[in-house]
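Comments concern the structure below.
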Amino acid sequence: MTETLYDQVMSKQFEDFLTQAIVKHRLPRPDVTHQLKLSFLTYLHACGIEYTNYGAFQVENGKAGKAYFADTNFRESWIEEYFAEGYTPHDYVLGRAKELDTDQTFHFALGEWLSSRVREDAPQTAQVLRGAGDAGMRDGFGLIGRKRSAEPGGDKELRWSFGFGGEMGVGAHIERQISELTIASALLIDLLMPEINANLDRILKPLSPRERDVLACFANGLQRDRAAYALKTSVHTIDFHCRNLRKKLRASTMAEAVAKGYRYGQL
């Protein structure tokens, strides 16, 4: 009988990551993203995976759009070169992510050794693979998936991609763990959606603690005067914060600012 994912025993590393993700997701919002990423890297290292990089991009009407590079533990010199040389359109994993058809996720072999196979048709992609190999990603696996837009009537699709690897031979080790890695990666993307949405929508200015307090008052249905009373300040000061909130969140009204506050994880 073929073994299914539900027949497998959950690894200790995977169980620890799930526990940490649940606990850290309940931390005060400004701390969540950083702590979740650290927990994920800790999980990967416990699984024997040295390097990773991951991110997400939008697909609208079948075409790739805005992208967000979420995190990596490659050395800084390679990451600087990657962006300085404009390698993103030639990234092998992102290229495969564009191919995602009807499947929710799929995975594939990845590594420096692929450079000779793609060199003739995609020389710049071969260069990216060699650069990643020099930085330590000599062998591994890529993983991609999709997530539908949560916006009402949204026709955008979010696609996410991960690269996992290390020295030669680690690819087979990763493949044996790919079911758990797929679940952990999809969970991480779900938990990072506020950050991903904010960056894809180019909402890059962080809210101050006081601005979050004001936004929370409006989210709880308070009007300007009641918000001023609750925060022990003046209506004039509340109005000042409201103007900044609408500007930072690109909102026309405070109702729209509250909606975006939820979308971007500020509430």
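The values are calculated or read from the model by the stated rules, or taken from the named source; none is laboratory data. Nothing here was measured: the structure is a model prediction, and the numbers come from that model. Here Cβ is always computed from backbone atoms with ideal geometry, including for glycine, and neighbour counts include all displayed protein chains. Protein only, heavy atoms only, side chains kept; ligands, DNA and RNA dropped before computing areas. Shrake-Rupley method; radii C 1.70, N 1.55, O 1.52, S 1.80 Å.
Below is a table of values for the structure above.
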{"quantity": "Estimated vicinal HN-Hα couplings, Hz - region 184-201 in sequence order (Karplus 6.51, -1.76, 1.60; Gly, Pro = x)", "calculated": "4, 5, 5, 5, 4, 4, 4, 6, 8, 4, x, 5, 5, 4, 4, 6, 5, 8"}
{"quantity": "Potential extension, residue 183-residue 108 segment - 0.36 nm per residue separation minus Cα distance", "calculated": "25.4 nm"}
{"quantity": "Rel. contact order, % - alpha carbon contacts under 8 angstrom, at least six apart, region 109-267", "calculated": "16 percent"}
{"quantity": "Rounded percent of accessible protein surface that carbon and sulfur make up, region 75-192, 1.4 Å probe", "calculated": "47 percent"}
{"quantity": "Per-residue HN-Hα couplings for region 74-86 [Karplus 6.51, -1.76, 1.60; θ = phi - 60°; Hz; x = Gly/Pro]", "calculated": "5, 5, 4, 4, 6, 5, 4, 5, 4, 7, 5, 8, x"}
{"quantity": "Area projected by the alpha carbon convex hull of region 64-104, averaged over all directions, nm²", "calculated": "3.7 nm²"}
{"quantity": "Gyration tensor (alpha-carbon) shape descriptor, region 55-123, a/c threshold 1.5", "calculated": "oblate"}
{"quantity": "Assigned charges on the beta-carbon of Lys, Arg, Asp, Glu; region 169-259 dipole about Cα centre (debye)", "calculated": "560 debye"}
{"quantity": "Spin-label model distance (nm) - residue 226 vs residue 247, 7 Å beyond Cα toward Cβ", "calculated": "2.8 nm"}
{"quantity": "Length-normalised contact order of the chain in % [C-alpha pairs under 8 Å, at least 6 apart]", "calculated": "17 percent"}
{"quantity": "Residue-normalised accessible area of the chain, expressed per residue, 1.4 Å probe, Å²", "calculated": "54 Å²"}
{"quantity": "Cross-link pairs beyond the 22 Å C-alpha cut-off, checked among 66/98; 12/37; 37/248; 156/260", "calculated": "37/248"}
{"quantity": "Calculated log₁₀ intensity ratio I(q)/I(0) where the Debye formula runs over C-alpha points of region 62-185, q = 0.11, 0.13 Å⁻¹", "calculated": "-0.39, -0.54"}
{"quantity": "Loop GluC sites (Glu not before Pro), region 81-145, which have at most 15 other Cβ atoms in a 10 Å radius of their Cβ (DSSP)", "calculated": "85, 99, 120"}
{"quantity": "Ranking by accessible area, most exposed first, for 183, 174 with a 1.4 Å probe", "calculated": "183, 174"}
{"quantity": "Value of [θ]222 nm, deg cm²/dmol, for the chain, DSSP H segments ≥ 4, -39500 (n - 2.57) each, nearest 500", "calculated": "-15000 deg cm²/dmol"}
{"quantity": "With all protein chains modelled, accessible area of residue 213 [1.4 Å, Å²]", "calculated": "70 Å²"}
{"quantity": "Rounded to 5, percent antiparallel among DSSP beta bridges of region 107-223", "calculated": "100 percent"}
{"quantity": "Region 168-267: trypsin sites (Lys or Arg not before Pro) in DSSP coil with no more than 11 other Cβ atoms inside 10 Å", "calculated": "202, 232"}
{"quantity": "Two-site FRET efficiency, residue 66 against residue 205, from Cβ-Cβ distance with R₀ of 25 Å, rounded to 0.05", "calculated": "0.90"}
{"quantity": "Segment residue 119-residue 12, length gained on full extension (0.36 nm per residue, minus Cα span)", "calculated": "34.5 nm"}
{"quantity": "Average projection area in nm² (convex hull over Cα atoms of the chain, one quarter of hull surface)", "calculated": "17.0 nm²"}
{"quantity": "Cα→Cβ-extended label distance, 7 Å offset, between residue 76 and residue 236, nm", "calculated": "4.5 nm"}
{"quantity": "Restricting region 28-90 to trypsin sites (Lys or Arg not before Pro) in coil, as DSSP defines it, with at most 15 other Cβ within 10 Å", "calculated": "75"}
{"quantity": "Per-selection Kirkwood Rh - region 104-143 (Cα, Å, 1 d.p.)", "calculated": "10.2 Å"}
{"quantity": "Estimated FRET transfer efficiency when R0 is 30 angstrom, pair residue 172-residue 23 (beta carbons, to 0.05)", "calculated": "0.40"}
{"quantity": "Residue 254 - accessible surface, heavy atoms, 1.4 Å probe, Å² rounded to 10", "calculated": "30 Å²"}
{"quantity": "Cα shape, region 134-267, gyration tensor, a/c 1.5 rule", "calculated": "prolate"}
